[in-house]
Amino acid sequence: MASRLYVPALAAGWACWAAGGCAYSPSRAPYGKTFYVGGAGNLGPVGTTDVAFALQLAGYPGQVEPFIWQSGRGAVSDQLAVGRHLGKAGELAARMQAYLDAQPAAPLNVVALSAGCGITALAIESLPDRYKLNNVVFLGCSLSSRYDLTGMLRHLRGSLYVYTSRSDLVLSRILPITGTVDRTQDVAAGLYGFVAPAEVNEEGRRLYAKLVHIPWRREFIKYGYFGQHIDTVGYRFIRHEVAQRIMTPPLQGAPAALARRWGQVGPAADQPTSAPVQR
């Protein structure tokens, strides 16, 4: 049944891409924007279509823009190329700034997979102080569990949602060989979550309150998420679970047209109510 649902969704998504419409259309930018940052190597294209199509199905009114950072030389090369990480993070940060300058009242989000979480963290923490994002979602995160998130969290008005799975074979079997995307031998955050710095001040505690860990649970199976590395970017899981993490009301003082548009949309009618988010 899952495969029968997946094929038409994928085909429809590619049709949207080819037509230049749907979630990719610039005409949706005034209502919000979500960057999708894929993983290293062959994981780069994974989720590129499904994420945009699923968010549209969930009622997300904004534009979805895939950010391509991969080199084309394979996953190991992408994982190890620190210089490339910094360069591509700078490009992503520039796109974020350009969008927020053009649409200062619209919510900006990021959904990132695997090594793409590292590119996302570097980009956001490099932004000038005045730039703020809405929410960020990390899936199969290959950053170190000890990565200091304070610089990134300063730029979030909302939360950083981190989906974790101790069953993720890529993070538990391959990452110990290659190292994390931030070049450590620590456990990847996508297995058990992030650990706050040992010595954290009052500001750090306030910032880390924005960090929300969501461990894998059995109810996710019905959306095709069995706890493995790329399950989270399947369109059913994005539509019914991840979409709600970015489907938040507009910022206070948003233009009336934006507020009206958000009032007409929301999580899909058939979206189940999720269990309380674990912190």
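Restricted to helices (runs of 4 or more DSSP H) entirely inside the stretch 1-97, those with at least 2 residues that are within 20 Å of the chain's Cα centre (by Cα) and at pLDDT below 65 are 2-19.
Of (1) part of a helix (DSSP H, G or I); (2) modelled with pLDDT under 95, ALA123 satisfies all except one. Which? So the condition that ALA123 fails would be (2).
Of the helices (runs of 4 or more DSSP H) lying entirely inside the stretch 185-247, not one carries at least 2 residues that are of a type in the set (Val, Ile, Thr) and closer than 19 Å to VAL37 by Cα. With respect to ASP129, is the statement that it is under 19 Å from GLN185 (Cα atoms) and either modelled with pLDDT of 95 or more or in contact with a Gly (Cβ under 9 Å, 6 or more places away or on another chain) (or both) true? So ASP129 does not fit the description; no.
The values are calculated or read from the model by the stated rules, or taken from the named source; none is laboratory data. This structure is a prediction, so every number in the text was calculated from the model and none was measured. Using ideal geometry, Cβ is built from the backbone for each residue, glycine included, and neighbour counts are taken over all protein chains shown.
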